[in-house]
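Colleague: Below is the structure I would like to discuss, written out as structure tokens.
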Amino acid sequence: MAEQATQSPRAHSPALAEPTKPVSASWIGGLGLASLVMWMAAQVPPNFLIPAQLETIDHRGEHLALGLILGAAAISSLLATPIAGALSDRTSHSRALGHLRGRRHRWTLGFALLGAASLALIGLQSKVIWVGVLWVLFSAFQNGEFASLSAAVPDHVPVTQRATVAGWFSMPQALGLLLGGGLVAFVVTGQASGYLMLAIALLVLTLPFVLFSPDHPLAPEHAKPISMRAVLAAFWIDPRRHPDFGWAWLTRFLVSLAIAMGTLYLLFFLTDVVHFSRLFPGQTAKQGLLYLTAIYTVCVVVTAILGGMISDRIGRRKVIVVCSGTLIALAAVVLTFVETWPAAMVAAVLYGVGFGAYLAVDQALITQVLPAAADRAKDLGIINIAIVGPTALAGVLNPALVAVGGYPVLFGATAVVALAGGVFVWKIKSVP
């Protein structure tokens, strides 16, 4: 059942009411900027900084160490978002905090500060264990910040504008890696300075949204009590009582799994099948992957914004989600049957176009099926499990699928998963 249909009698409170006034361009820009630096801080270290740091610390054990660190960080991410969301949902008004008296901004700023401190400290470590501990802590803080930031969309943005805003909020997931990777590769190249640059950016560029955008305070009488039972309940919503939310979670899980399956082994695909370095002497498969990432990112950014605007204008979500899932499936089909460099570039375009539009429109759709206004951040935290979990699952599925039938089986399975993620959205009844 959609959130609009389940408002409680106390929803006259601004913090719990369904928003009706469109947000300004500056509000959208502040949220988008905060999202961008958050994703830069989350994606650049595991792809660039941590592997290089581990190679310096322990060259022989770097691969095992990286796997263990990223696995532990994934667990902390899964646990942190629903819990942090539940805490912000229950945070009541505090006059002593001035501008931070609302229930979201104090958490956003606090988690950004803790995350920045963790990043700065990682760059100073010379032992694997402390790199791992601090990255696990950062992952928890970053996902806590994600919970409060993502809740700002249903808190403040009316349904008629929500996909447009969701596009600006979501597309930094792709842009953050490319932009941040370029900075640490060509501008701030030192280990400690790279981490410090990300830490400063995370804190400083989160401030405009926190300081200059409204944050509705929650009256104490509207705040639910914080208890261990409430914390444990943060991880579950009964799909029988809220079937639309259940279907939305499943479709997000499947499409996220398809993206993870389709992209996780691209470097190996370029190396073992396309033989990129033979096609382009003097260039490595890693450079080829960077080219595909750039193509993919540009497409994600463009279609996330355009797809959101189109969805808001026509007032429909599901048809765009279905088209997006189909495009992702088509990208996987191309790689199933054509194992060439031009096919890889075509697939990068299809992946990017499909996933960009999906990010914006599906995020808007999800905010329309949240069970209750009082639990927006917590429920979005449960959705985050459907984003983080598939990456770990793909790490298990991909080697098994390649072992069974090579890359055609892997990409064929990816196409099936993506198509299912698109088709199942029709099971959602309360959103057009």
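The values are calculated or read from the model by the stated rules, or taken from the named source; none is laboratory data. Please read all numbers here as calculations on a predicted model, not as lab measurements. Positions of Cβ are backbone-derived with ideal geometry, glycine not excepted, and every protein chain shown enters the neighbour counts.
Colleague: Could you check Val321 against (1) surrounded by fewer than 21 Cβ atoms within 10 Å (Cβ to Cβ); (2) part of a helix (DSSP H, G or I); (3) modelled with pLDDT of 95 or more and say which number it fails?
Modeller: (1)
Residues checked against (1) assigned by TED's automatic domain parsing to the domain that holds Ser150; (2) crowded, with 21+ Cβ neighbours inside 10 Å; (3) not hydrophobic (A, V, I, L, M, F, W, C):
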| position | (1), (2), (3) |
| --- | --- |
| Val346 | no, no, no |
| Val353 | no, yes, no |
| Ile385 | no, no, no |
| Pro408 | no, no, yes |
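Colleague: What are the residues in segment 53-72 that are assigned to a loop (DSSP other than H, G, I, E, B) and surrounded by fewer than 12 Cβ atoms within 10 Å (Cβ to Cβ), if any? If you could, list the steps in order and put the result at the bottom.
Modeller: Keep residues of segment 53-72 that are assigned to a loop (DSSP other than H, G, I, E, B), which gives 58-61.
Passing the criteria: His59, Arg60.
Colleague: Looking at segment 239-288, which of the residues that are at pLDDT 90 or above and among the charged types (D, E, K, R) is nearest to the chain's Cα centre (by Cα)?
Modeller: The qualifying residue nearest to the chain's Cα centre (by Cα) is Arg252.
Colleague: Pairs, please: C-beta under 6 Å, at least 6 apart or cross-chain, first residue not assigned by TED's automatic domain parsing to the domain that holds Gly176 and in segment 299-318, second of a type in the set (Phe, Trp, Tyr) and crowded, with 18+ Cβ neighbours inside 10 Å?
Modeller: Val300/Phe355
Colleague: Looking at segment 11-31, I want the residues that are over 13 Å from Val165 (Cα atoms) and modelled with pLDDT under 95 and have a partner that is charged (D, E, K, R) and part of a loop (DSSP other than H, G, I, E, B) with Cβ atoms under 7 Å, at least 6 apart or on another chain. Which pairs are those?
Modeller: Ala15/Arg103
Colleague: Something else now. In segment 294-318, what residues are outside any helix (DSSP H, G or I) and of a type in the set (D, E, K, R)?
Modeller: Result: Arg316, Arg317.
Colleague: A follow-up question, please. With modelled with pLDDT of 95 or more and in a helix (DSSP H, G or I) as the only criterion, which of Gly412, Gly395 stands out?
Modeller: From the options Gly412, Gly395, the qualifying one is Gly412.
Colleague: Further, regarding this structure: Just to be sure before I move on: is Gly85 in contact with a helix residue (DSSP H, G or I) (Cβ under 6 Å, 6 or more places away or on another chain) and modelled with pLDDT of 95 or more in the structure I sent?
Modeller: Judged against the criteria, Gly85 is not a match.
Colleague: Oh, and also: Search segment 112-124 for residues that are under 18 Å from Ala147 (Cα atoms) and pair each with any residue that is among the polar types (S, T, N, Q) when their beta-carbon atoms are under 8 Å apart and the residues are at least 6 apart or on different chains.
Modeller: Every condition considered, the pairs that remain are Ala112/Thr206; Gly115/Gln142.
Colleague: Are any residues in segment 48-82 in contact with a helix residue (DSSP H, G or I) (Cβ under 8 Å, 6 or more places away or on another chain), over 26 Å from Lys224 (Cβ atoms) and among the small types (Gly, Ala, Ser), and if so, which ones?
Modeller: Ala52, Gly61, Ala65, Gly71, Ala72, Ala73, Ala74
Colleague: Tell me, which helices (runs of 4 or more DSSP H) lie completely within segment 145-214 with 2 or more residues that are outside the structural domain of Ile383 (by TED's automatic domain parsing) and among the aromatic types (Phe, Trp, Tyr)?
Modeller: It comes to 162-170, 207-212.
Colleague: Scan (1) buried (at least 22 other Cβ atoms within 10 Å of the Cβ); (2) more than 17 Å from the chain's Cα centre (by Cα); (3) among the aliphatic types (A, V, I, L, M) for the single condition Met38 breaks and write down its number.
Modeller: Met38 satisfies every listed condition except (2).
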